[in-house]
Each structure stands twice: as structure tokens, then as C-alpha cells.
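Below is one structure; the comments refer to it alone.
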Amino acid sequence: MNALKIIVLVLDLISAVLLTATILIQSGKSSGLSGAIAGASDSFMSKGGSKTMDAKLARATKWIAAAFVLLSLLAVILVSAAK
């Protein structure tokens, strides 16, 4: 049980670092409120859909965030069960 707890915590730490890196690598979306009012010139359809690097990073961010949440919940369960 102790080895499983260590493995889950290490995987949680790795997913946290990967999540931070993928978020920081992504480019900013539009120019905030002024882009929403005036309309952004680089819409999703004009970027080429899911083939751009930003789209791939957004998809990776979603999967890594889901893994981080699940690993964090599992870590809490394992730590609280050990007491």
C-alpha cells in the first residue's frame, strides 16, 4: 500500500508539471474583452481546425487535467485510508 501511494503521488506530481507546461506553452486566445466586442480575426475555422499546434495543446491540456484530477482524488483516498 505504501508503494502504491508513492507511485500515485509521483504520477500526480508529473501530471501537475505537465499541466503547467502545456498551459504556459499555449498562445493567448483573443485580446480579451476588446476581441470579444470587435470580433477576433483568427477564429477557429480560419486556423485550420484541429491541425494547429494550439488545438493539439488544448486537447492535451484537457486530458492531462483530467488525469491530474483523478490522480489527486486517488491520492487523497489512499492517504486517508492509511490512517
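Every read-out reported here was derived from the displayed coordinates using simple, explicitly stated rules and does not represent laboratory data. Worth saying up front: this structure is predicted, and the values here are computed from it rather than measured. Note that we place each Cβ from the backbone using ideal geometry, even for glycine, and neighbour counts take in every protein chain shown.
Each peptide in 67-77, 18-28 gets a packing score, the mean of other Cβ atoms within 10 Å over its residues, and the list from highest to lowest is 67-77, 18-28. Each label was represented as a point 7 Å from its Cα along the Cα-to-Cβ direction; for Trp63 and Val79 these points are 2.8 nm apart.
Charged neighbours of Leu74, selected by a Cβ distance under 12 Å, balance to 0 (K, R count +1; D, E count -1).
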